[in-house]
Amino acid sequence: MTARSLPPSVIATLPGGHYTDENIFALEQTRIFESMWFCVARASDLGKPGAFRTVQVGRESVLVTRARDDSIRAFLNVCRHRGARIRTEESGEVKRAFQCPYHAWTYDLEGKLIAAPNLTKMPDLDRVEYGLVNVAVREWMGYVWVCLADEPPSFEVDVIGEATVRLGDERAIESYDIANLAVGRRIVYDVRANWKLIVENFMECYHCATIHPELTEVLPEFADGYAAQSFVGHGAEFGEEIRGFTVDGSAGVDRIPGVGEEQDRRYYAITIKPQVFVNLVPDHVIWHRMFPLAADRTIVECDWLFLKDVVDAGTDLGPSVELFHRVNEQDFAACERCQPAMSSRAYAQGGVLVPSEHHIGAFHDWVINRLGAGSG
Amino acid sequence: MIPVCPLANLPRGEAHRLDVDPPIAVFHTEDGEIYAVDDTCTHQDASLSDGWLEGCEIECPLHASSFDLRTGRPSSPPAKLPLRTHRVVVSDDTVYVVPSEEPPNLPPGVRAGTV
């Protein structure tokens, strides 16, 4: 990157090519998505043994399932025999085993090879060695995280640490009891934009007053252009007339009991790099997982989590869900508006970050650092 | 009469593959019955002792053919031919089988004496 001479108020973004170049995206796949902890599913998506999901993590398709002992397992979705995809559906359920549809190599829910035509004539084929390739799994906050690295980094530092740094307190996120909340609604967005545009958008609120009329109504301080994820432990306060975190400011649903007075009527946002965004409000939690598929395409799965009793009672969640659904649509439209321009001559050297966006520069440094790691 | 294993090594719900020619699978059902049948599915070469035991039925792990352990008859396709059943004797806490003298229904490509 050639150094640009910029006025002191602004700092440079990444050059446009970082959002379009397939080679850079390939590096991000290996050095970020396949090297870090990656949040793939809600544990309740895998309701019982044999339930499975397939997810894209970097270049790999990963098969996530629940084994007989109720533990969650993840494997590379590749038959060890001739390489066929074991499952191609996004989700489903097997009764007892995963069977490759090509030659019927059959693996149990722990990934061990249990049957194959003529397998008894190949006693030298070790059934664990030729089982599905295991991927590291952790469960936290009711979500399933996988790591494709041979030696996964510290989950405590990389994942739990990120949430702690943003909230300024290890226990702050615990009070929302996220693991025991229920998915009240899930919306999947197919966003035609680079994943970094989505992260950057989530990290700043300079755009809030322009594109989020409903959100700034609920959180008036978001209209000042300065709200950002650079403040530690700061929750944006609800407006005086606002009764709940809903599209029209009407009352929400039952408050999560652990949420303390200091967290009540406030909104907190956390980014857990590289692909998770969490929003905390007194009566629900909004949890985004990004799946970057190409330099210009990202799937975002967003869950709205509420108290289980609230969901089970069939409570109308519409006004609560609608607020952040609109925010998502507004944000993703903005990202999609930027994506085609990333290859413009006008953006070859990138754009600029204003002071309330300067903390995004740290994200850019982090990305550049990761891409450089292990090169040469 | 061939010794299989001590009864204690074959808990309910489990199977033991006896490495004779052709191999024999011995099952201990959840109800406490012990049955012995040919281990090789009559449809394609797969080991039924690796399959799934439910009641008196064993399901082949490869293509889900099911057999009734009491009669050896297929109860679910694609297998069409029955397994041989073998008499089981439990004596002094040891499981034995008395192999059937009938010719086995081995799948295509598998012949006795080639194990």
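The values are calculated or read from the model by the stated rules, or taken from the named source; none is laboratory data. None of the values given here were measured: they were computed from a predicted structure. Reconstructed Cβ throughout: ideal geometry from the backbone, glycine too, with neighbour counts over all protein chains shown. Surface areas here come from the heavy atoms of the whole protein model, side chains and all, with no ligands, DNA or RNA. Shrake-Rupley method; radii C 1.70, N 1.55, O 1.52, S 1.80 Å.
Assorted remarks:
A quick yes/no check of all residues on (1) open to solvent by 50 Å² or more (accessible area, probe 1.4 Å); (2) more than 22 Å from A:Trp105 (Cα to Cα); (3) out of contact with any His (no Cβ under 7 Å at 6 or more places or on another chain); (4) away from chain A (no Cβ under 12 Å):
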| position | (1), (2), (3), (4) |
| --- | --- |
| B:Leu48 | no, no, yes, no |
| B:Cys56 | no, yes, yes, yes |
| B:Glu59 | no, no, yes, no |
| B:Ala79 | no, no, no, yes |
| B:Leu83 | no, yes, yes, yes |
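- Summed over the stretch A:60-69, residues that are at pLDDT 95 or above and either of a type in the set (Gly, Ala, Ser) or assigned to a loop (DSSP other than H, G, I, E, B) (or both) total 2.
- Scanning the stretch A:178-198 for residues that are surrounded by fewer than 23 Cβ atoms within 10 Å (Cβ to Cβ) and under 21 Å from A:Val281 (Cβ atoms) turns up A:Ile178, A:Ala179, A:Asn180, A:Ala182, A:Val183, A:Gly184, A:Arg185, A:Arg186, A:Ile187, A:Tyr189.
- Residue among A:His364, A:His325, A:His358 that alone is within 26 Å of A:Cys147 (Cβ to Cβ) and touching a residue at least 40 places away in the same chain (Cβ under 8 Å): A:His364
- Residue identified as surrounded by fewer than 17 Cβ atoms within 10 Å (Cβ to Cβ) and either part of a strand (DSSP E or B) or more than 21 Å from the chain's Cα centre (by Cα) (or both) among A:Leu6, A:Leu14: A:Leu6
- Residue list for the stretch B:61-71, filter: surrounded by 22 or more Cβ atoms within 10 Å (Cβ to Cβ) and either more than 13 Å from chain A (Cβ to nearest Cβ) or not small (Gly, Ala, Ser) (or both): B:Pro61, B:Leu62, B:Phe67, B:Leu69
- For A:Asp126: the one exception among (1) free of Cβ contacts under 8 Å to residues at least 12 places away in the same chain; (2) within 17 Å of A:Leu76 (Cβ to Cβ): (2)
- Only one of the numbered conditions (1) more than 21 Å from the chain's Cα centre (by Cα); (2) surrounded by fewer than 20 Cβ atoms within 10 Å (Cβ to Cβ) is not met by A:Ala115, and that is (2).
- Considering only residues in the stretch A:119-146 that are closer than 17 Å to B:Pro61 by Cα and among the hydroxyl-bearing types (Ser, Thr, Tyr), the one that is least open to solvent (accessible area, probe 1.4 Å) turns out to be A:Thr120.
- Test for A:Tyr107: is it within 14 Å of another protein chain (Cβ to nearest Cβ), over 19 Å from the mean Cα position of the chain (by Cα), surrounded by fewer than 17 Cβ atoms within 10 Å (Cβ to Cβ) and modelled with pLDDT of 95 or more: no
- Conditions (1) crowded, with 17+ Cβ neighbours inside 10 Å; (2) not in a loop (DSSP other than H, G, I, E, B); number of the one not met by A:Ser35: (2)
- Every residue from the stretch A:313-333 that is open to solvent by less than 40 Å² (accessible area, probe 1.4 Å) and either in a strand (DSSP E or B) or closer than 13 Å to A:Ala182 by Cβ (or both): A:Leu317
- Among the residues of the stretch A:168-200, those that are part of a helix (DSSP H, G or I) and touching a Leu at 6+ places or on another chain (Cβ under 8 Å) comprise A:Tyr176, A:Ile178, A:Lys196.
- Filtered residues of the stretch A:161-177 (kept if open to solvent by 40 Å² or more (accessible area, probe 1.4 Å) and among the aliphatic types (A, V, I, L, M)): A:Val165
- Every residue from the stretch A:38-59 that is part of a loop (DSSP other than H, G, I, E, B) and open to solvent by 10 Å² or more (accessible area, probe 1.4 Å): A:Gly47, A:Lys48, A:Pro49, A:Arg59
- A:Val62 vs. criteria within 25 Å of A:Asp150 (Cα to Cα) and buried (at least 19 other Cβ atoms within 10 Å of the Cβ): yes
- Output for the stretch B:19-37, where each listed residue is in a strand (DSSP E or B) and within 12 Å of another protein chain (Cβ to nearest Cβ): B:Ala25
- Every residue from the stretch B:16-45 that is touching a helix residue (DSSP H, G or I) at 6+ places or on another chain (Cβ under 7 Å), without any contact (Cβ under 8 Å) to a residue 40 or more places away in the chain and open to solvent by 20 Å² or more (accessible area, probe 1.4 Å): B:Arg17
- Qualifying residues in the stretch A:352-371 (those that are touching a Leu at 6+ places or on another chain (Cβ under 9 Å) and not in a helix (DSSP H, G or I)) - the one farthest from A:Cys302 (Cα to Cα): A:Val352
- The stretch A:78-99, residues that are without any contact (Cβ under 8 Å) to a residue 24 or more places away in the chain and away from chain B (no Cβ under 11 Å): A:Arg82, A:Gly83, A:Ala84
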